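Laboratory data are not the source of any read-out in this text; all were calculated from the coordinates shown. All of these numbers come straight from a predicted model, not from anything done at the bench. Don't worry about glycine lacking a Cβ; one is built from the backbone with ideal geometry, like all the others, and counts go over all protein chains shown.
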Amino acid sequence: MTKQWWKESVVYQIYPRSFNDSNGDGIGDLPGIIEKLDYLAELGIDVIWLSPVYDSPNDDNGYDIRDYRAIMDEFGTMEEFDQLLQQAHERNLKIVMDLVVNHTSDEHAWFVESKSSKDHPKRDYYIWKKGQNGEPPTNWESAFSGSAWQYDEATEEYFLHIFSKKQPDLNWENEDVRADVYDMMNWWLDKGIDGFRMDVINFISKDPAYPNGEVHEGKQYGDGSPYFMNGPRIHEFLHEMNQEVLSKHDILTVGEMPGVTPEEGKLYTAEDRNELSMVFHFEHMDVDGGELGKWSLNGWKLTDLKRILSKWQYELEEEGWNSLYWNNHDQPRVVSRFGNDQEYREKSAKMLGTCLHMMKGTPYIYQGEELGMTNVAFETIEEYEDLESLNMYDERVHQYGDAVQDVMERIHHKGRDNARTPMQWSKEKHAGFTTGRPWLGVNPNYKTINAEDALKNPDSVFHYYQQLIQLRKSNETIVYGKFDLLLQDSETIFAYTRTYGDDVLLVLCNFTGEEQKAKLGAFQNHSGEVVLTNREEEHAGSSNLANVILEPFEATVFAIK
Ligand code: NOJ
């Protein structure tokens, strides 16, 4: 396995709309990010992943791009982007852009032309099909509720949109589309950016037969995902992209891939296949899903979480590379989901950070995770902005007749706005995010959870994350060591080792609010030196690792002696 800078890095995701507003319009912007570069440098991260900053009508907060080579007005100008890139580079911070090329906005010039007539040369840039007996071409459901096909009166055909109807899918079978995308990618790379996070990139190759999907119980539409996830030409397209663009630069690439398995993940990331550096899989994010998909509130089991994460660790041990994440702009806050956001908020946030960052792979931190930011529970649907939540609410309340209270509870636990409430910088009004009216409400807990306080407190989650990041820089075992799961059947402790040559690190994480005993017979005659811990007091167990008593939500990393 070769050594690469992106294997040794920690990535920090910025959701620009919610990060820092410099001009009082209530929306985060590029100058706002520039103001906070020193904060990010202090945290110690290496790479910033910027969620989309391109010109967009914002149906899906920038994941609907109108012009790939322009900056969204609300975020600033291209000159300001260039300044951001330069100032980040001066601090040794790299910038990875979000590449959204499964679809564009319906306001993108390509789509406007494509829609204008059946004979337009750009018609074939998107996926147009005739209906069948007044019905859409297939029964596929959109990820944002309703049919995945939209009828166009003027040309009497339907276009495919796996996401909202303002996000038509590009037709990757058309080689002109591919060439235009590669051109655009090269244009950004020539500016000096350091890589791409690729939005739902495993959706770009569709099954040309366009079969109907299975209709699951209680559902109106069919599940089209087997026909567009990891489709027939996906590896060919990504290999071509690699040859035309990626391989010409020393960059980080990460493909967002719902539905990807470890076996597929290996194919996408094995070095000799020349596709991507790593992928984001969703298996651990689905651990608490169910019959309503992500909206089910079924609870979750630690043994399931461990089984999934360790399967990815083992499968990609020899070939390929893992990404590691708990959070992003689409997921609820991890401390509310897998930790305890009340009594043990800081302790469990540190534990979760340890558990993730000590695994093998490139860790990602989502803005506010380093403060232990939590989910929010707005009372009414009117206070929410995310179209996925709004569409789901509308469908479940108005079509299925679900109780409003139940639907709100699902949004409180799983809605994407949990991640999108403004970054909590200080105790000041609107958490110091803006002097205006924030585009989405601030979490009312900002007076106790904010960056200003965290920076002053040496025991804060922020300073713990800082240590986690530093440790990775001084310890190759954390980057390149082999992973082995221990205590596989425990529902309370996540334990594993990392081994690199003669060095062995033992990672113990208590996922409960009660004391737990870790019985590690294999370490009977070993003592351990504490490398990192979220305990306040010394570890009595360090002299003999056979029986270690863990405090509630404790995480400790031992170097085995
Ligand atoms: C995945 C992105 O992370 C999400 O925010 C977006 O809505 C969809 N892809 C569609 O672009």
Quiz item: What is the packing order of peptides 215-224, 436-445, taking the mean over residues of other C-beta atoms within 10 Å and listing the highest first?
Solution: 436-445, 215-224
Quiz item: Taking Cα pairs under 8 Å and at least six residues apart, what relative contact order does segment 480-560 come out at, in percent?
Solution: 32 percent
Exercise. Could you sort 202-214, 252-264 so that the peptide with the highest average Cβ count within 10 Å comes first and the rest follow in order?
Key: 252-264, 202-214
Exercise. Kindly write out, for segment 289-303 in residue order, the coupling ³J(HN,Hα) from the Karplus curve 6.51 cos²θ - 1.76 cosθ + 1.60 (θ = phi - 60°), rounded to whole Hz, with x marking Gly and Pro.
Key: x, x, 5, 9, x, 5, 7, 6, 10, 9, x, 7, 10, 4, 4
Quiz item: Expressed in nm to one decimal, what extension gain is obtained for the pair E343 and W300 from 0.36 nm per residue of sequence separation less their Cα-Cα distance?
Solution: 13.5 nm
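Rounded to the nearest 0.05, what FRET efficiency is calculated for R233 and N525 with R0 set to 51 Å and r the Cβ-Cβ distance?
Calculated transfer efficiency: 0.40.
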Self-check item: Entries in K350/K517; K94/K266; K7/K206; K115/K248 that, when Cα-Cα distance is taken, lie over 27 Å
Solution: K7/K206; K115/K248
Self-check item: Computed over the chain: relative contact order in percent, which uses C-alpha pairs under 8 Å that are six or more apart
Solution: 13 percent
Exercise. Tell me what the chain gives for mean residue ellipticity at 222 nm when only DSSP H runs of n ≥ 4 count, each as -39,500 (n - 2.57), the sum divided by the residue total, rounded to 500 deg cm²/dmol.
Key: -7500 deg cm²/dmol
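Determine the sum of side-chain charges near G436: Lys and Arg each +1, Asp and Glu each -1, restricted to other residues whose C-beta is under 14 angstrom from that of G436.
Around G436, the surrounding residues sum to -2.
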Exercise. For the chain, list log₁₀ I(q)/I(0) at each q in 0.13 Å⁻¹, using the Debye formula over Cα point scatterers of equal strength and ignoring solvent, two decimals each.
Key: -1.47
Quiz item: Using alpha carbons only, how many degrees (0 to 90, rounded to 10) separate the axis of helix 78-90 from the longest principal axis of the chain?
Solution: 20 degrees
Quiz item: What is the set of long-range amide H partners of I48 at a cut-off below 5 Å, with H atoms built 1.01 Å from backbone N?
Solution: Y12, K94, I95, V96
Self-check item: Per residue convex hull volume, Cα atoms of segment 372-433, in Å³
Solution: 82 Å³
Quiz prompt | Length-normalised contact order of segment 113-227 in % [C-alpha pairs under 8 Å, at least 6 apart] | solution = 23 percent
Quiz prompt | Net dipole in debye of the chain [+1 Lys, Arg Cβ; -1 Asp, Glu Cβ; about Cα centre; nearest 20] | solution = 1300 debye
Quiz prompt | Helix 404-414 vs. the chain, principal-axis angle (Cα, 0 to 90°, nearest 10) | solution = 60 degrees
Practice problem: Using R₀ = 45 Å, calculate the FRET efficiency as 1/(1 + (r/R₀)^6) where r is the Cβ-Cβ separation of E79 and S116; round to 0.05. | Solution: 0.85
Quiz item: Using Cα atoms only, what is the angle between the long axis of helix 461-474 and the major principal axis of the chain, expressed in degrees (0 to 90) to the nearest 10?
Solution: 80 degrees
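Express as a percent, rounded to the nearest 5, the fraction of DSSP beta bridges in the chain (both residues included) that run antiparallel.
Here the share of antiparallel DSSP bridges comes out near 60 percent.
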Quiz item: By count of other Cβ within 10 Å, fewest leading, how are Y384, Y151 ordered?
Solution: Y151, Y384
Quiz item: So, counting K/R as plus one and D/E as minus one, what does the shell of residues with Cβ under 12 Å around G28 add up to?
Solution: -2
Quiz prompt | Separation in nanometres of the label points that stand 7 Å from Cα toward Cβ, at E214 and K311 | solution = 1.6 nm
Quiz item: What are the ³J(HN,Hα) values, in whole Hz, obtained from phi via the Karplus relation 6.51 cos²θ - 1.76 cosθ + 1.60 with θ = phi - 60°, for each residue of segment 523-530 in sequence order, with x given for Gly and Pro?
Solution: 9, 2, 9, 10, 10, x, 9, 6
Quiz item: What are the ³J(HN,Hα) values, in whole Hz, obtained from phi via the Karplus relation 6.51 cos²θ - 1.76 cosθ + 1.60 with θ = phi - 60°, for each residue of segment 129-140 in sequence order, with x given for Gly and Pro?
Solution: 9, 6, x, 10, 6, x, 10, x, x, 9, 8, 4
Practice problem: Add +1 for every Lys or Arg and -1 for every Asp or Glu among the other residues with Cβ under 14 Å from the Cβ of A41, and state the total. | Solution: -2
Quiz item: So which of K473/K561; K166/K427; K36/K447 end up more than 29 Å apart by C-alpha?
Solution: K166/K427
